[in-house]
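Accompanying notes for the structure given below.
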Amino acid sequence: MCAKFRAIIFCLLFIQNIYGQNINWESFLSRNDMTFDTLTTKWQEGVFTGNGLIGSMIFMENKNALRIELGRTDVTDHRISGNPSALYAKARLPIGYFSLNPVGKIIKNSARLHLWNAEATGVIETDKGKIFWKSFVTEKENVIIFQTKTEGEEKNFTWKWNAEQSVSPRMKFTPIDNFPSNPEHETGNEESIDFSKQKMLAGGDYVVAWKTVGKNDTNTTFISVGYDTVHSSLKQVLKTVKFAAAQEFANITNAHRQWWHQYYQKSFLSIPDAKAESFYWIQLYKIASATRSGTLPIDLMGPWFAPTPWPAYWYNLNIQLTYSPMCAANHLEMVEPLLRNIDKNIQNLINNVPPQYRYNAAAIARSGALNMVSPLKVTSESDTSSAPGALELGDLTWILYYYWQYYSYSKNDSVLKNFIPLLKRSINYYIDVMHKEADGKWHLPYTYSPEYPDGKTRDCNYALSLFRWGCETLLTIDPNDKLTKTWKDVLENLTPYPTDSTGLRIGKDVAFAKSHRHYSHLLMIYPLHLLNWDNEGDRDLIRKSLYHWHSLKGAFQGYSFTGGASIYSLMGKGDSALNYLDELFSHFVKPNTMYMESGPVIETPLAAAASLQELLLQSWNGKVRVFPAVPATWQDVSFEDMRADGAFLISAVRKEGKTRWIKIKSLEGGKCTFVTDLKGTLKTKSDNQANLIKVGVNTYQINLVKGQSVIIYANADDVNIAAAPVSLNNQTLNYWGTKNKK
C-alpha cells in the first residue's frame, strides 16, 4: 500500500474515531436481553419496565394467571412521624396489580426484555389458544402500556384489578400497635375509564386508572397511577389516560423508543464475558427505568413494589452504592434527582443535628423518607446510650461524596453554590464534637460504624475517613474560606486511623473481629482513595485489611463482594475482582438481576455495575487510569465515551491482550493526567494541537481545550481497530432471566 493511500485511510479512521463508531446497537443489545423460558410466581424472576417514576413487574400470580404489579416511587404514606418512625408513617405503599386470566389452561409461557426498545414481550400458550403480550412505560406521560393479541378462544381472556392493603409493608415483618391501615379503596368508572381510588388518612389519595381500546384481536390497555397528598388525584389521572388512549399508538411507541435509543448511546462498553456484559447493560436499563431527570431519587426498590421491611431510603450505604455507576456511565442526568432532593431538604438536614449545633452543622442518620428527616444524637459528651442508627456520623458526608463526584465529572461550577455550604455544615458537625487529647491529636467521640455488631466506638474509622475527605475537598474548592486554618489543622493533627495486626479496626475501642457485610471501616481505601495503591507505604495496610475482612464470611451479603471487587481493582488485581463478581452473580443476584435481603434492595447490582466499570476505567487522585485491572481472560475489550474526573470522555480498545488506542475528549477544557499500558513511543492525532508529556512510569499529561478530542496510539495500524462489540466466542447469550432445565 503506498504511503499516500495509507495516510488517507488513517485520516478517515481517525475522523471515525474522533466522532464515534457506527455500532449496530439493536443487534448488540439484543445479545444482552433478558429471556424467560418460563415466568414464575416469584417477583425476583419477573420482567420489569419503568420510566423513572412508575413501573410494572410482570410475573405469574399463580400457575394460570399473569400478574402485572404496579409501582410508583412517590406513593408513600405521609402521616406525622416520630413515633411510629418514618418506616411506618411515611413508608412506600403497595398499590396493586392486574390479573390476566386466560380462558384455557396454560401449557407454556415465555417472555423477553428487549433492552434496545425498553419493551417486555411474552407469549402465553393455552389449550384454547395464545395470548401475545407487550408492555412498556411511556417516556413522558406516566402511562403503562399493556397490549395483547390473541388467537383462538383466548380473545375472551379476563382482566381484573386487585388493590392491595394500603399500609406500610414493614407491618408484615415488624408489626406495631395502634397503626391502622388506610381506608378501603373505592372503584368507579368515569368517561369510560375505570379507576381504583385509595384515600389516605393523612389526606389526599392515589388512584389507578385504566382504559382498554380494542381492535379485532388486539387490545391495548392504558394504565396510569396518580398521587396527591392534599387533593384527589382522580381528575389528573383520568386526563392522563384519556390523552394517551387518544394518541396514535405508533407515535407513542416511536417517542418511547427514541428516548431509550438516545439514552443508551451516551456511552458504550463491551467485554468478552456474556454474563457480565449482559448484566451491565441491564443495570443501565434499570437505572433509567428507576429514575431520570425530573423524577425522584431511587429508594431501596425503585418503582417495582414488593413486600419489604425496607420501605424507605437508607443513607448509610444503600443510596451511595445506588448512585456509584452513573457518572462513569456518562449519565449525569440520572444523578440530578438526588442532588435536587438534597438541595430541597437542607433545612431538614440542619434540623437533624442536636439543637446546639444547628447554627453551623447538618447531618442525617441511618434511614428515613424522601424528606431526609432522620435525626442524629452525636454530641461532644461521648453519649453511648443512643441507638446505633442515631450515632452514624458520616452518612451525609458519604452522600455528599456523590454530589462531589457529579461536580468533578461535569465541572459545572453552578453545582458548587449549594454543595460547598452543605459540605461545610457536614464537616462542621465533626469539628463541633471533636476534642484534642494529651497526644496533641484531634479525636472523635463515640459514634457508630454502620452494621457492625457492637460498633459504638471512639475514633470510628467510618467517621474519620469521611471527615478527612471532607476537609481535603473543602481546601481544594474553597481555599480562601475563613475555616481554612481549621481544616488544615484537622488534616495535620487528626488522629491516625486505628489499626492493629489485622489491619484497619472498626475504631479505637473496637477491633475488627466479627464477620461484617459492610465495608464501612474501609472507606478510606474505597471509594475515597485516601489510602491508595499508588502509595507503596499504604499497600501492606490495604492488603492486610481486605484479606482480614474477607476471611470472615459468615455475615456477607451481596455488596460485600462488590466492595471487595472494587478494592481488588484499585490494586490492579482484575482476576481476583472478577472472581468476586462471579461469586456475587452466582449466589446473590436474582435471575432478573434484582437483589433481595428479605425485601428488594436495589443498590447491590448497581454497585456491581460500578465494579465492572472499574476494571476498565478508574479516575481518582487526579489520574485517569485506562484498563487498570482487566482480567487475563478478557483479551478483547472496547469502551467508548465513559466519563472521568475532570469532565473527560474516555474511549479505548484492547485487542489480543494489548491496549491499541485511547481517545480523550475534553468537555470543559483542561489538563488530563492518564495512566496507560500502551507500549512504545506514543503518538497523538487531534483536531487541534495536543502535546503529550510523559510525567512518570506509564503516566502522561495532555492539555486540551474545550471540545477537543485526541487519539493516543503507538502503532498507526492499531487505529484501524474499531470500538465495537467484542466476540463472545460462542458463549451462551441472554444469560439473565429464567431458563428451563434441560
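Any read-out appearing in this document is the output of simple, stated calculations on the displayed coordinates, not a laboratory observation. Worth saying up front: this structure is predicted, and the values here are computed from it rather than measured. FYI the Cβ positions are ideal-geometry reconstructions off the backbone, even for glycines, and counts take in every protein chain you see.
Less than 5 angstrom separates the built amide H of Thr126 from those of Ile107, Ile131, all sequence-distant by 5 or more or on a different chain. Here the relative contact order of the range 37-264, from alpha carbon pairs under 8 Å that lie six or more residues apart, stands at 17 percent.
Sorting 401-408, 98-105, 694-701 by average packing, meaning the other beta carbons within 10 Å per residue, from highest down gives 401-408, 98-105, 694-701. Note: relative contact order over the range 468-568, using C-alpha pairs below 8 Å and six or more positions apart, is 24 percent.
Highest average first, the peptides 608-617, 35-44 ordered by how many other beta carbon atoms sit within 10 Å of their residues are 608-617, 35-44.
Computed over the chain, the alpha-carbon pair-distance distribution with 10 angstrom bins reads 3, 14, 23, 25, 19, 11, 4, 1, 0, each value a whole percent. Projecting the Cα atoms of Thr229, Ile58, His78 onto the charge dipole of the range 37-264, computed from C-beta unit charges around the Cα centre, puts Ile58 farthest toward the positive end. With the alpha-carbon atoms of the range 423-517 aligned to their principal axes, the span from lowest to highest coordinate is 44, 30, 21 Å, starting with the largest.
Taking Cα centre as origin and charging only the Cβ of basic (Lys, Arg, +1) and acidic (Asp, Glu, -1) residues, the dipole magnitude of the range 590-682 rounds to 440 debye.
The Cα-based radius of gyration and maximum Cα-Cα distance (Dmax) for the range 222-312 are 17.2, 53 Å. Projected over all directions and averaged, the alpha-carbon convex hull of the range 606-670 occupies 4.6 nm².
Computed over the Cα atoms of the range 105-214, what is the ratio Rg over Rh, Rh following Kirkwood? Ratio of gyration radius to Kirkwood radius: 1.06. Taken over the range 570-653, the ratio of Cα radius of gyration to 2.2 N^0.38 Å equals 1.21. Kirkwood Rh, Cα Rg: Rg to Rh for the range 335-553? Rg/Rh: 0.95.
Using the alpha carbons alone, the radius of gyration of the range 507-629 stands to its Kirkwood radius in an Rg to Rh ratio of 0.96. Ranking Gln635, Gly622, Leu667 by how far each Cα lies toward the positive end of the dipole of the range 592-742 (charges on Cβ) leaves Gln635 at the top. Arranged from fewest to most other beta-carbon atoms within 10 Å of their beta carbon, Arg79, Arg92, Arg340, Arg425 become Arg340, Arg79, Arg425, Arg92.
Beyond 22 Å, what share of the Cα-Cα pairs of the range 37-264 is found? Please give it as a whole percent. Every Cα pair in the range 37-264 considered, those over 22 Å come to 54 percent. Taking amide H as placed 1.01 Å from N in the peptide plane, the amide H of Arg660 sits under 5 Å from that of Val653, Arg654, Lys655, each at least 5 places away or on another chain. What's log10 of I(q)/I(0) for the range 589-717 at q = 0.17, 0.20 Å⁻¹, Debye sum over Cα points only, no solvent? Results for the range 589-717 at q = 0.17, 0.20 Å⁻¹ read -0.87, -1.12. The ranking of Lys266, Lys211 from fewest to most other beta carbons within 10 Å of each one's beta carbon is Lys266, Lys211.
Working from Cα pairs under 8 Å separated by at least six residues, relative contact order for the chain is 13 percent. For the range 386-478, the Kirkwood radius over C-alpha pairs fed into Stokes-Einstein at 20 °C and 1.002 mPa s yields D = 152 µm² per second.
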